[in-house]
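Reading through the structure tokens given below for one structure.
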Amino acid sequence: MATFVLVHGSFQGGWIWKPTADVLRGQEHTVYAPTLDGCGERGSLIRPGITIAAQGKEVADFLFYEDLQDVVLVGTSTGGLVICKIAELARDRINRVAFVDALAPQPGELVSNIVQRGPNAPPIPTSGLTRGPSREEMETRLFADLEPELRTWAVDRATPHPVEASDAPGELDAFWAQEWPNTRVIYCRLSQNPPQAHQRRTAEKLNASWHEMDAGHYPMLSHPEELAGLLT
């Protein structure tokens with residue numbers, strides 16, 4: 001059985017993986033879904049210095065202290081940046097990397113160069129050390145494709161994201177300078193961001209296997225069985 005470490009994206013916590021984690025655990029895999037510093041139930045700990053590099057180091061340290069080996073490291077959305085940093089810092093503990101509708105900026109590239117927000121999309125408000133959409137935007141845009149009960153469950157748990165952990169200029173260069181065999185890229189056809197072209201490029205750059213799902217940006221909630229099957 002495999003050991004999975006599932007890394008969430010912006011406005012999320014480890015909770016986002018619960019349906020998929022339940023499926024994987026039901027198959028007798030070992031699953032960890034940590035909530036990153038300053039996110040989810042750890043939002044009250046927000047402070048300066050919570051960056052992609054700091055979040056990546058925290059999870060890499062977790063792999064060390066838990067003595068985890070042959071890890072399947074999975075990231076979604078901006079969690080793609082974090083798993084790039086984790087993989088770099090804990091390479092000897094990683095068996096496979098999987099990007100699930102995830103961002104993976106290459107050297108010299110910013111998240112803002114990749115994400116395509118429509119002309120009518122309001123800017124995401126920033127307040128002090130965090131940024132995050134309103135509840136209305138989460139209901140009508142971010143989580144709009146989910147069934148009503150599941151959408152309410154997710155929106156109730158969504159939280160602002162640390163501003164400093166929204167991008168990582170230069171921090172991922174060492175990841176891209178290495179070979180990462182057995183990588184998977186899972187693209188969600190009904191999701192606007194990250195664009196298909198960006199995810200295709202990630203797969204080509206890493207010589208990764210390519211998989212597609214008829215799902216929105218949160219397949220770990222809407223299609224847990226299918227996603228678990230692709231990850232295993």
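Values quoted throughout were computed directly from the atomic coordinates according to the rules given, and no laboratory measurement underlies them. Since the structure is predicted, the reported quantities are computational estimates derived from the model, not experimental observations. Note: ideal-geometry Cβ built from the backbone for every residue, glycine included; neighbour counts use all protein chains shown.
Compute the length gained on full extension between Arg157 and Asp67: take 0.36 nm times their separation in residues and subtract their Cα-Cα distance, giving the result in nm to one decimal.
Full extension from Arg157 to Asp67 adds 29.4 nm.
Given +1 on the Cβ of Lys and Arg, -1 on the Cβ of Asp and Glu, and no further charges, what dipole in debye does the chain carry about its Cα centre, rounded to the nearest 20?
360 debye
Translational diffusion coefficient, Stokes-Einstein: compute it for the chain using the Kirkwood radius over C-alpha pairs as Rh, at 25 °C and 0.890 mPa s, and state it as an integer in µm² s⁻¹.
140 µm²/s
What percent does the relative contact order of the chain come to when contacts are Cα pairs within less than 8 Å and at least six residues apart?
Working: 457 pairs, mean separation 55.9, N = 232.
Reported as a whole number, the value is 24 percent.
Would you calculate a helix-derived [θ] at 222 nm for the chain, using -39,500 (n - 2.57) for each DSSP H run of n ≥ 4 and dividing by the full residue count, to the nearest 500?
-9000 deg cm²/dmol
Rank by packing, highest mean first: peptides 165-171, 45-51, with packing defined as the count of other Cβ atoms within 10 Å averaged across residues.
With the highest mean Cβ count within 10 Å placed first, the list reads 165-171, 45-51.
Taking 0.36 nm per residue of sequence separation and subtracting the Cα-Cα distance, how much length would be gained by fully extending the chain between Ala121 and Ser44, in nm to one decimal?
Values: separation 77, 0.36 × 77 = 27.72 nm, distance 2.81 nm.
Extra length available between Ala121 and Ser44 comes to 24.9 nm.
Roughly speaking, what is the stretch gain from Ser134 to Asp214, that is 0.36 nm per residue apart minus the C-alpha to C-alpha distance, in nm to one decimal?
Details: separation 80, 0.36 × 80 = 28.80 nm, distance 2.66 nm.
Contour length minus Cα-Cα distance gives 26.1 nm.
Taking the square root of 5 times each eigenvalue of the Cα gyration tensor, what semi-axes in Å does the equivalent ellipsoid of segment 128-207 have, largest first?
Its equivalent ellipsoid spans semi-axes of 29, 19, 10 Å.
So what is the relative contact order for segment 173-232, in percent, with contacts set as C-alpha pairs under 8 Å and at least six apart?
Result for segment 173-232 is 36 percent.
What are the residues whose amide H is under 5 Å from the amide H of Phe4, where those residues sit 5 or more places off or on another chain and H is modelled from the backbone?
The list, which skips near neighbours in sequence, is Thr30, Val31, Tyr32, Val72.
May I ask for the distance between the Cα centers of segment 209-230 and segment 54-130, given as a whole number of Å?
For segment 209-230 versus segment 54-130, the Cα centre distance is 18 Å.
Take the Cα radius of gyration of segment 1-70 and divide it by 2.2 N^0.38 Å, with N its residue count; two decimals is plenty. Before the final figure, lay out each step's value.
Numbers: Rg = 12.9 Å, N = 70, 2.2 N^0.38 = 11.1 Å.
Cα Rg divided by the expected 2.2 N^0.38 Å: 1.16.
Hey, what D do you get for segment 188-232 in µm²/s if you plug the Kirkwood alpha-carbon radius into Stokes-Einstein at 37 °C and 0.692 mPa s? Show your work: numbers first, answer last.
Details: Rh = 11.1 Å.
Stokes-Einstein gives a translational diffusion coefficient of 295 µm²/s.
Suppose each label sits 7 Å from its Cα in the direction of the beta carbon; what would the Ala2-Arg200 distance come out to in nanometres?
It works out to 2.6 nm between the two label points.
Mind ordering 178-186, 33-41 by average Cβ neighbours within 10 Å, highest first?
33-41, 178-186
Express the C-alpha Rg of segment 61-123 as a ratio against the empirical globular expectation 2.2 N^0.38 Å, rounded to two decimals.
Here the Cα radius of gyration is 1.37 times the empirical estimate.
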